[in-house]
Amino acid sequence: MFCSKCSSLLMPVDGTMQCPACKTVQGDGKIAERKKKQKEIAVVQDGKTEHLPTVKADCKKCGNTEAYFWMLQTRGADEPETRFFKCTKCEYTWREY
Ligand SMILES: [Zn+2]
Ligand SMILES: [Zn+2]
């Protein structure tokens, strides 16, 4: 890029192109816009059992042998994950440590 007034080679100064000879600033002087960070939407576990895998587990309530299965880290990272089961038949939910 060259200066529109004196045709000198432009130098980048503070995010703009500036002529070192006549100090003309080229362009609108705007620094490139930073891309907005999109916040990730937290995944909600409740009410989405249809996407969960099913395992063989005995329901204490209705005697069904199949249940949805998911795991949750309930406390610190050192703690073991808690396993949750939800009966595919009566939707009774229980947990296993
Ligand atoms: Zn110039
Ligand atoms: Zn059940």
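The values are calculated or read from the model by the stated rules, or taken from the named source; none is laboratory data. Every value quoted in this text rests on a predicted model; they were computed, and no experiment measured them. Cβ placement follows ideal geometry from the backbone for every residue including glycine, while neighbour counts extend to all protein chains displayed.
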Checklist entry - So which residues in the stretch 70-96 are within 15 Å of ligand 2 (Cβ to nearest atom), surrounded by 13 or more Cβ atoms within 10 Å (Cβ to Cβ) and not in a loop (DSSP other than H, G, I, E, B)? => result Phe84, Phe85, Lys86, Cys87, Thr93, Trp94
Checklist entry - Would it be correct to say that Gln45 is of a type in the set (S, T, N, Q), more than 16 Å from ligand 1 (Cβ to nearest atom) and either surrounded by 11 or more Cβ atoms within 10 Å (Cβ to Cβ) or modelled with pLDDT of 90 or more (or both)? => result yes
Checklist entry - Just one of Tyr97, Tyr68 is away from ligand 1 (no atom under 16 Å from the Cβ), at negative phi and at pLDDT 85 or above; which is it? => result Tyr68
Checklist outcome for this item: Within the stretch 56-69, the residues that are more than 7 Å from ligand 2 (Cβ to nearest atom) and either among the polar types (S, T, N, Q) or crowded, with 17+ Cβ neighbours inside 10 Å (or both) are Ala57, Thr65, Ala67, Tyr68, Phe69
Next on the checklist: Return the pair list, or none, for Cβ contacts closer than 7 Å from residues in the stretch 12-33 that are farther than 12 Å from Phe2 by Cα to residues that are of a type in the set (A, V, I, L, M) and at pLDDT below 80, at least 6 apart or on different chains.
Outcome noted: Gly15/Ile31
